[in-house]
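**Student:** This is the structure I want to talk about, given as structure tokens.
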Amino acid sequence: MLNEVRLIGRLGKKPRCEFSASGTAYAHLSIATTEYRTDAAGQKTEITDWHRVTVFGKEAENAAKWLEPGRQVLALAKLRPRSYEKD
């Protein structure tokens, strides 16, 4: 089985590097992917999805140092869904 995700999109905001209690660096990236569709009436529509990607270690430090909003980025990752219980 293969669990691989490739996202190519634009960065929404500048990543900020933070450190966990154990000292591991991490940063959250907001990546926008846009798809263009033409409906039956010939109208073009733009659909944008936002993805939250977390990077760790040296990649997090480099992302915070070099990446700027609007820059095109490629994220190669494993998909790890999370579930939450509502209180």
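**Student:** What are the pairs, 6+ residues apart or on separate chains, where a residue within region 1-26 that is within 13 Å of Ala75 (Cβ to Cβ) has its Cβ under 6 Å from a residue that is among the hydrophobic types (A, V, I, L, M, F, W, C) and in a loop (DSSP other than H, G, I, E, B)?
**Tutor:** Note: pairs meeting the criteria are Val5/Leu79; Leu11/Leu67; Pro15/Leu67.
**Student:** Give the residue that is surrounded by the most Cβ atoms within 10 Å (Cβ to Cβ), with candidates limited to residues of region 30-78 that are of a type in the set (A, V, I, L, M, F, W, C) and touching a Cys at 6+ places or on another chain (Cβ under 6 Å).
**Tutor:** Ala60
**Student:** Right, here's the next one. Could you run through region 35-55 and say how many residues are in contact (Cβ under 8 Å) with a residue 12 or more places away in the chain and more than 13 Å from the chain's Cα centre (by Cα)?
**Tutor:** Total satisfying the criteria: 3.
**Student:** Okay, next question. Filter region 1-23 for residues that are open to solvent by less than 60 Å² (accessible area, probe 1.4 Å) and outside any strand (DSSP E or B) and give the result.
**Tutor:** Of everything in region 1-23, those that are open to solvent by less than 60 Å² (accessible area, probe 1.4 Å) and outside any strand (DSSP E or B) turn out to be Gly12, Pro15, Cys17, Ser20, Gly23.
The values are calculated or read from the model by the stated rules, or taken from the named source; none is laboratory data. Owing to the predicted nature of the structure, the values given are computational and were not obtained by experimental measurement. All Cβ positions, glycine included, derive from the backbone under ideal geometry; neighbour counts span all protein chains shown. Ligands, DNA and RNA are excluded from the accessible area calculation, which covers all protein heavy atoms including side chains. Shrake-Rupley method; radii C 1.70, N 1.55, O 1.52, S 1.80 Å.
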